[in-house]
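**Student:** Questions regarding the structure given below will be posed in turn.
Only the coordinates and a few stated rules stand behind these numbers; no lab work does. This is a predicted model, so every value here is computed, not measured. Please note: Cβ atoms are built from the backbone with ideal geometry, for glycine as well, and neighbour counts cover all protein chains shown.
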Amino acid sequence: MKFVASLSAAAAALGALAMLPTTSAHGPETREEVVKFLDQQATAYHCAPAVAAYTAARKRSWAQKVLGGAPIADQNRFIDGYFEAKGLDGEVVKKGIKELEEEGKRIMACDPVVESKIRNSTCVLAPQSTEGPYYHTEAHPIRSNMAEWQLGLHFEMDVGVIDVETCEPVPNILVDLWHANATGHYAGHPEPAPHLRDEKPAASGLRRGLLSAYPRTNHVDTFLRGALPTDQNGVAHFVSTFPGYYTGRATHVHIKVHNEWSVLPNGSFTSGNLVHTGQFFFDDDLNESIDKLWPYNTNPIIALGRTRTRNWEDSLQIYQDAHDNGYMPTFDVEKIGGVLQDGLVGYITVGVNTSASYKPVWNPNSGRAGGVVEQKPIDKATHEEL
């Protein structure tokens, strides 16, 4: 089923959206930006009801398991009517999606308030972003808890993977994450190269604010790196710390999605086929709040008299490029407890094409994931190449 909003419905949504309070991290602000955004999302609407129900069910299921049945916040945080008295069993989810398909059409077409809640979960093909210089082709352990002994705010990531060709969650696909620690350092890359210790950030151009990549001098540390296969509902859930920032980059989490991999004796893996490389982000307001907490307030950038990079100032245009085709790369974040220091959980859904094969090439002067994408005949039931 493919749904494209009518012109009158889109116009009504546009008028209402223009009056809503928004932030740049959540998408368009001006009338022109809203027009462009709605136009980009037209091809995504065929999956939107499914993903809305999918995300709501994941939130409810997580709350039931962790909080003894109480929702994370009040019931209004969930889309009205979605998955009441339903669990996250695959067949129940599928049944719920079918039952709510028509309601989902109405929501997406006519209710901009609710539509704004599910934008960052809308099922579109996630844009390919650079893998950056800090990805390790080996020693990313297969594990759910990737925090190790790092200090920082407790942060859980609930990552759903949906096939954009079928709008169905993808089970048993490997989600691979890595990010910086509270003070902006990646495992294995503690110091700049000796001849670049006094390097100043680039003053202009696409690399404005960036330093040269730190070399890998530690081949043992694996903190804040981990990979996990999705469960039967297409979800991989990670425990970590909230990422810190470094000069020139907005706060972000890297992701790769592999649909072919082999487990090694040491608990890590080798990849046989890659279907996505991208990055996730956070609202600037949330970043600023966390900046005040220890140890985030000891970030060495502060001592140097520099400031954090906002989302829309992200070097190499990575944050901007991550919005291609109407995709929203910003985590939908909930508090775990009553206050920020209790920790956070972030939900996001990645739309991938499981029939694709992607070979990334890192370009230090571009935020795009330069590489080759090939279409391969894939058995959708087994996710194996035909």
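**Student:** Calculate the FRET efficiency for ARG216 and THR166 from the Cβ-Cβ distance with a Förster distance of 35 Å, rounded to the nearest 0.05. Can you show the working numbers first?
**Tutor:** On the way: r = 39 Å, r/R0 = 1.11.
Efficiency at R0 = 35 Å is approximately 0.35.
**Student:** Okay, next question. Give, rounded to the nearest 20 debye, the magnitude of the charge dipole that region 232-371 has about its Cα centre when Lys and Arg contribute +1 at Cβ and Asp and Glu contribute -1 at Cβ. It would help to have the intermediate numbers written out before the result.
**Tutor:** Values: 9 positive and 13 negative charges, 89 e Å.
Dipole size: approximately 420 debye.
**Student:** A further question on this structure: Within a 10 angstrom radius of the beta carbon, how do VAL164, VAL275, VAL235, VAL333 rank from fewest other beta carbons to most?
**Tutor:** Values: VAL164 20, VAL275 28, VAL235 24, VAL333 15.
Fewest to most other Cβ atoms nearby, the residues stand as VAL333, VAL164, VAL235, VAL275.
**Student:** For region 140-234, state which chymotrypsin sites (Phe, Trp or Tyr not before Pro) are in a DSSP loop and have at most 16 other beta carbons lying within 10 Å of their beta carbon.
**Tutor:** Filter output for region 140-234: TRP149.
**Student:** Determine the alpha carbon to alpha carbon distance for each of LYS335/LYS359; LYS292/LYS359; LYS200/LYS335; LYS59/LYS256 and list only those over 31 Å. Walk me through the numbers before you get to the answer.
**Tutor:** Details: LYS335/LYS359 37 Å; LYS292/LYS359 39 Å; LYS200/LYS335 37 Å; LYS59/LYS256 23 Å.
Those over the limit are LYS335/LYS359; LYS292/LYS359; LYS200/LYS335.
**Student:** Give the order of ASP321, ASP291 when sorted by the count of other beta carbons within 10 angstrom, beginning with the fewest. Walk me through the numbers on the way to the answer.
**Tutor:** Details: ASP321 21, ASP291 16.
Exposure proxy ranking, most exposed first: ASP291, ASP321.
**Student:** With θ set to phi - 60°, apply the Karplus curve 6.51 cos²θ - 1.76 cosθ + 1.60 along region 337-354 and write out the HN-Hα couplings as whole Hz, x wherever there is a Gly or Pro.
**Tutor:** x, x, 10, 4, 5, 6, x, 9, 10, x, 10, 7, 10, 9, x, 10, 9, 6
**Student:** Could you give the length gained on full extension between THR270 and SER144, defined as 0.36 nm per residue of separation minus the Cα-Cα distance, in nm? Could the numbers behind the result be given before it?
**Tutor:** On the way: separation 126, 0.36 × 126 = 45.36 nm, distance 1.74 nm.
Separation in residues times 0.36 nm, less the Cα-Cα distance, equals 43.6 nm.
**Student:** Quick one: which residues, 5+ away or cross-chain, put their amide H under 5 Å from the amide H of GLY272? H built at 1.01 Å from N.
**Tutor:** Those lying under 5 Å, H to H, from GLY272 are GLU260, TRP261, SER262.
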